[in-house]
1. Just need a number here: residues in the range 44-83 that are surrounded by fewer than 19 Cβ atoms within 10 Å (Cβ to Cβ) and either under 21 Å from Ala106 (Cβ atoms) or touching a Lys or Arg at 6+ places or on another chain (Cβ under 7 Å) (or both).
2. Listed residues Leu73, Leu53; which is within 24 Å of Arg35 (Cβ to Cβ) and either touching a helix residue (DSSP H, G or I) at 6+ places or on another chain (Cβ under 8 Å) or hydroxyl-bearing (Ser, Thr, Tyr) (or both)?
3. Which of the numbered conditions does Val47 fail, given that it passes all the others? Conditions: (1) part of a helix (DSSP H, G or I); (2) without any contact (Cβ under 8 Å) to a residue 40 or more places away in the chain.
4. How many of the residues making up the range 22-41 are closer than 15 Å to Leu10 by Cβ and either more than 11 Å from the chain's Cα centre (by Cα) or of a type in the set (D, E, K, R) (or both)?
5. Regarding the range 64-80, can at least one residue be identified that is among the aliphatic types (A, V, I, L, M) and within 29 Å of Val126 (Cα to Cα)?
6. Given the options Ala18, Ala34, name the one that is in contact (Cβ under 8 Å) with a residue 60 or more places away in the chain, outside any loop (DSSP other than H, G, I, E, B), out of contact with any Leu (no Cβ under 7 Å at 6 or more places or on another chain) and of a type in the set (A, V, I, L, M, F, W, C).
7. For Val134, indicate whether it is hydrophobic (A, V, I, L, M, F, W, C), over 18 Å from the mean Cα position of the chain (by Cα) and within 22 Å of Ile152 (Cα to Cα).
8. Could you grab the pairs with beta carbons closer than 7 Å, sequence gap of 6+ or different chains, first residue in the range 75-89 and over 16 Å from Leu49 (Cβ atoms) and in contact (Cβ under 8 Å) with a residue 60 or more places away in the chain, second one assigned to a helix (DSSP H, G or I) and not polar (S, T, N, Q)?
Amino acid sequence: MPNREDAFKLLKKYNTHALVTHGLSVEGAMRYFARKSEEDEEKWGIVGLLHDLDYEKYPDEHCHKTKEIMEPLGYSDEIIRAIMSHAYGICTDVEPISKMEKTLYAVDELTGLITACALVRPSKSVMDLEVKSVKKKFKQKSFASGVDREVIKKGADMLGISLEELINETILSLRAIAPSLGL
């Protein structure tokens, strides 16, 4: 199976800065949650890093093109399925079942919201961002309007945790990698 370095090169081959940074954010969150769950951090990280691999170049074939790209490169069915599951009900019918899949589903949109919340702060950082600030912006539909709040709520439910806990843990995950994200 390709390693993290291979995955990062692949991500950069198909995407520009914004989606590379988003991939790094989701990778960081996935690695954090893998450590907490005593799961395979490398595998979870690669899933987070590559989850939007095809989105920039093939938005109309999102997730499906990823499968075409990744299969010949030796990525496992488990990794490909996890990536496809993050778009469940949006552009795939692959329901998140494993803890890794449910976590990806839950943190994908949320990392984007947290990043947006951090960037409007005077500090432009996640280091001083609190759950209450994210929850306030969560309720403002016009703020980061591309973020699907229902997916985030559904993700928290899938994981069996509160929205507040999911937000808090995701903030902590991004703090751990804040310098590499410019946050």
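The numbers here are math on the coordinates, done by the rules we state, and not lab data. Just so it is clear, the model here is predicted, and its values are computed rather than measured. Note: ideal-geometry Cβ built from the backbone for every residue, glycine included; neighbour counts use all protein chains shown.
1. Here the count works out to 3.
2. Residue meeting the stated conditions: Leu53.
3. So the condition that Val47 fails would be (2).
4. Summing the residues that are closer than 15 Å to Leu10 by Cβ and either more than 11 Å from the chain's Cα centre (by Cα) or of a type in the set (D, E, K, R) (or both) in the range 22-41 gives 1.
5. yes
6. Result: Ala34 is the single residue among Ala18, Ala34 that is in contact (Cβ under 8 Å) with a residue 60 or more places away in the chain, outside any loop (DSSP other than H, G, I, E, B), out of contact with any Leu (no Cβ under 7 Å at 6 or more places or on another chain) and of a type in the set (A, V, I, L, M, F, W, C).
7. So Val134 does not fit the description; no.
8. Here the result reads none, with nothing in the range 75-89 linked to a residue that is assigned to a helix (DSSP H, G or I) and not polar (S, T, N, Q).
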